[in-house]
Amino acid sequence: MTNFETILYEVDGRMVTITLNRPGAGNSVSDQLSAEIEEAWTSFRDDPALDVAILTGTGERAFCLGADMHTMAGYFAARDRGEEEERKPVRGLEGISARSHNIMKPIICAVNGRVAGLGIGFVADSDIVIASENAAFTDPHVTWGGISAGGLVRLVGRLPISAILRLAYLGKGEWLSAQRAYELGFVSEVMPPAELMPRARALAERILTANQAALRVQKEAVVKALETYLGPITEAAREPHMRFNAETKYKNMVEGTSAFIEHRPPDFEKQ
């Protein structure tokens, strides 16, 4: 096992806890974290000694505040100069999510704090979601000139369309609280921060008492049904996403990420 630097990978018997570990950056997804979380998912999937995973973040402030905006700013500025056309700053949701790795073992997401943008995908791709009272969810993409069609599509069936569109349209500052997420069914339990990880481990221990062969087929059936339902929707969302990127050539994101780094409102008129 690789010695990870931006995540923690802690094995306890048949259980592994994967912790996003960049607390100074809101546990946001950098190049390195992107690569390491992919390796972690692969290790969990392929290790016959492991039967359940818990995904969480370090600290009580943030679970994952999306893609690292400093990384993204450098990337979009380079694209605007015609450089690094083939390099992506971080793997998108398709690369870092558990679903893209075809994992048929159960995954519990213990949402320890705020979640933004790309981080929502981690939650949406988990099987059981519990949250601390500190948790809240937002999608700020439109504030900074980007889109998150692929990530928002993953919320179809887990949140009402009205709640998805509030997140999609209102951007920065629109937070779905843990309690409201519970009321809407996105989160199954909400508790004080100190109780979050003990509860996640208790759920994992209960899962470990089940017949694992039956459990995995159970998950496979649900996942295949979900993919049958969401597959055409995901493909439909991909076309406007790609068209938008091609038409704008990321110039909106050059201004948006610059504004984020400089702590000012974006001025898209100056593009």
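The values are calculated or read from the model by the stated rules, or taken from the named source; none is laboratory data. What you are looking at is a predicted structure, and each value in this text was computed from that prediction instead of being measured. Heads up, the Cβs are rebuilt from the backbone with ideal geometry, glycines too, and the neighbour counts pull from every protein chain shown.
What pairs can you find where one residue is in the range 231-252 and under 11 Å from ALA149 (Cβ atoms) and modelled with pLDDT of 80 or more, the other is surrounded by 11 or more Cβ atoms within 10 Å (Cβ to Cβ) and of a type in the set (Asp, Glu), and their Cβ atoms are less than 7 Å apart, with a gap of 6+ or different chains?
Going by the 7 Å Cβ cut-off, there are no qualifying pairs.
What is the number of the single condition among (1) under 18 Å from VAL111 (Cα atoms); (2) assigned to a helix (DSSP H, G or I) that LYS219 does not meet?
Just one mismatch for LYS219, condition (1).
Every residue, every condition in (1) basic (Lys, Arg); (2) without any contact (Cβ under 8 Å) to a residue 12 or more places away in the chain, yes or no:
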site: VAL142; (1), (2): no, no
site: SER148; (1), (2): no, no
site: LYS172; (1), (2): yes, no
site: PRO193; (1), (2): no, no
site: LEU196; (1), (2): no, no
site: ILE207; (1), (2): no, no
site: ASN211; (1), (2): no, yes
site: LEU215; (1), (2): no, no
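Hey, could you check the range 100-130 for residues that are within 12 Å of the chain's Cα centre (by Cα) and part of a loop (DSSP other than H, G, I, E, B) and say which is farthest from VAL142 (Cα to Cα)?
Only one residue fits best here, namely SER126.
Checking LEU203 against (1) in a helix (DSSP H, G or I); (2) in contact with a helix residue (DSSP H, G or I) (Cβ under 9 Å, 6 or more places away or on another chain); (3) surrounded by 14 or more Cβ atoms within 10 Å (Cβ to Cβ); (4) in contact (Cβ under 8 Å) with a residue 40 or more places away in the chain, which test does it fail?
Here LEU203 clears every test but (2).
Select, from ALA178, ALA221, the only residue that is touching a Ser or Thr at 6+ places or on another chain (Cβ under 9 Å), farther than 30 Å from PHE268 by Cα, of a type in the set (A, V, I, L, M) and at pLDDT 95 or above.
Values: ALA221 fails: touching a Ser or Thr at 6+ places or on another chain (Cβ under 9 Å).
On inspection, the qualifying residue turns out to be ALA178.
Taking PHE260 and the conditions (1) exposed (fewer than 13 other Cβ atoms within 10 Å of the Cβ); (2) farther than 30 Å from LYS105 by Cβ; (3) not polar (S, T, N, Q), which numbered condition does it fall short on, given that it satisfies the others?
(1)
In the range 220-243, how many residues are over 30 Å from HIS141 (Cβ atoms) and either surrounded by 12 or more Cβ atoms within 10 Å (Cβ to Cβ) or within 20 Å of the chain's Cα centre (by Cα) (or both)?
1
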